[in-house]
Amino acid sequence: MGSFEGKVAVVTGAARGIGRAIAEDLADRGADVVVCDLRKEWLDESVAAVEAKGRKSLAVAVDVGDGDAVNACIKEVMEKFGRIDIMVNNAGITKDTLLIRMSDQDWDDVMRVNLKGTFLFSRAVARPMMKQRSGAIVNIASIIGLIGNAGQANYAASKAGVIALTKSTAKELASRGVRANAIAPGFISSKMTDALSQDVRDQMLANIPMARFGEPEDIAKAVAFLASDEASYVTGQCLSVNGGMVM
Ligand code: NAI
């Protein structure tokens, strides 16, 4: 895969898990990486990991559901780096419960972070990327956004929304040289999935043809492909990375 040398990437939810792996992988491939999460101090290790690879980094504390904070973040990135080549919308949360027990708050919180956050950052980077006449947006959706899941009506709807948002973004920006794609990860080892009971984990494993959970690095490699020039004719797609769990 080509080098990202001279390119600037922004990754949300980059303090840990999949976002952290994406930030490190992009730095490995030569990109300078802006890492975003709710608290700046959570990002110290991510910044250190990017800098250890000889790349520039910047930590920005931003709640992805807050439009003013998102716009301020992208303004700061443009002032400091002068361009944005890769936007990875990775920040996400779950608030799982059965539909009949789901509160308005459970619904709103998940939609705000997962779907509105992706919209706000996509909108904020669209103008600078269109001006550059180049850029790649990669949105982290979920297998649950494709197939649904009991206990995750809010999460499933938010991730299905992310896929539809990605397609609309791709259609609007394609003629300006900007691509937008989504990734639908399956079951990936992380804090989010560590919280599941052994029973649920065993059940999921039984449904994965490759008979292993994914690692954050598996998602990072797919992001690198979609963000790279190797994918220059790929836009509006949702790439499943799930060990064959859903085909
Ligand atoms: P994680 O919980 O380990 O990391 C999520 C990160 O997002 C955390 O650092 C958190 O602080 C940050 N975050 C949460 N709310 C935020 C907000 N309002 N503003 C800014 N940052 C915020 O989760 P994980 O597993 O690394 O997931 C990353 C993405 O991948 C999420 O979008 C998730 O839905 C998606 N995903 C994960 C799967 C898995 O099996 N782990 C499967 C499918 C999708």
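Here are some notes:
- Residues in the range 157-200 that are modelled with pLDDT of 95 or more and hydroxyl-bearing (Ser, Thr, Tyr): 5 in all.
- Qualifying residue in the range 106-124 (condition: assigned to a helix (DSSP H, G or I), among the basic types (Lys, Arg), closer than 19 Å to Ala14 by Cα and at pLDDT 95 or above): yes
- Any hit, the range 92-103, residues being of a type in the set (S, T, N, Q) and outside any loop (DSSP other than H, G, I, E, B): no
- The range 45-76, subset in contact with a Leu (Cβ under 7 Å, 6 or more places away or on another chain) and more than 30 Å from Asn149 (Cβ to Cβ), residue nearest to the ligand (Cβ to nearest atom): Ala61
- Residue-level check: of (1) within 16 Å of the ligand (Cβ to nearest atom); (2) touching a strand residue (DSSP E or B) at 6+ places or on another chain (Cβ under 8 Å); (3) not basic (Lys, Arg), Ala124 misses just (2).
- Candidate set: the range 41-76, residues that are part of a loop (DSSP other than H, G, I, E, B) and open to solvent by 20 Å² or more (accessible area, probe 1.4 Å); chosen: the one nearest to Arg16 (Cα to Cα): Asp63
- Residue in the range 38-48 that is β-branched (Val, Ile, Thr) and in contact (Cβ under 8 Å) with a residue 24 or more places away in the chain present: no
- Members of the range 22-40 that are open to solvent by 10 Å² or more (accessible area, probe 1.4 Å) and either more than 14 Å from the ligand (Cβ to nearest atom) or under 13 Å from the mean Cα position of the chain (by Cα) (or both): Asp28, Arg29, Asp32, Asp37
- Whenever a residue of the range 203-231 is more than 15 Å from Phe187 (Cα to Cα) and acidic (Asp, Glu), its partners that are in a loop (DSSP other than H, G, I, E, B) and open to solvent by 20 Å² or more (accessible area, probe 1.4 Å), lying with C-beta atoms within less than 9 angstrom and at least six residues away or across chains, give the pairs Asp229/Met1; Asp229/Gly2; Glu230/Met1; Glu230/Gly2.
- Per the listing Ala157, Ala222, the residue uniquely among the hydrophobic types (A, V, I, L, M, F, W, C), farther than 21 Å from Gly19 by Cβ and within 13 Å of the ligand (Cβ to nearest atom) is Ala157.
- Checking each residue of the range 99-118 against the condition of being open to solvent by less than 50 Å² (accessible area, probe 1.4 Å), over 14 Å from Ser158 (Cα atoms), within 15 Å of the ligand (Cβ to nearest atom) and in contact with a strand residue (DSSP E or B) (Cβ under 6 Å, 6 or more places away or on another chain) gives no match.
- Residue check for Phe121: under 14 Å from the mean Cα position of the chain (by Cα), buried (at least 20 other Cβ atoms within 10 Å of the Cβ) and among the aromatic types (Phe, Trp, Tyr): yes
- Selection within the range 127-154 - touching a strand residue (DSSP E or B) at 6+ places or on another chain (Cβ under 9 Å) and more than 10 Å from the ligand (Cβ to nearest atom): Pro128, Met129, Met130, Gln132, Arg133, Ser134, Gly135, Ala136, Ile137, Val138, Leu146
- Residue within the range 220-233 that is more than 14 Å from the chain's Cα centre (by Cα), open to solvent by less than 70 Å² (accessible area, probe 1.4 Å) and at pLDDT 95 or above present: yes
The values are calculated or read from the model by the stated rules, or taken from the named source; none is laboratory data. Quick caveat, the model's predicted, so the values are computed rather than measured. Virtual Cβ from ideal backbone geometry, glycine too; neighbours counted across all protein chains shown. Side chains are part of the model used for accessible areas, which takes the heavy atoms of the whole protein and leaves out ligands, DNA and RNA. Shrake-Rupley method; radii C 1.70, N 1.55, O 1.52, S 1.80 Å.
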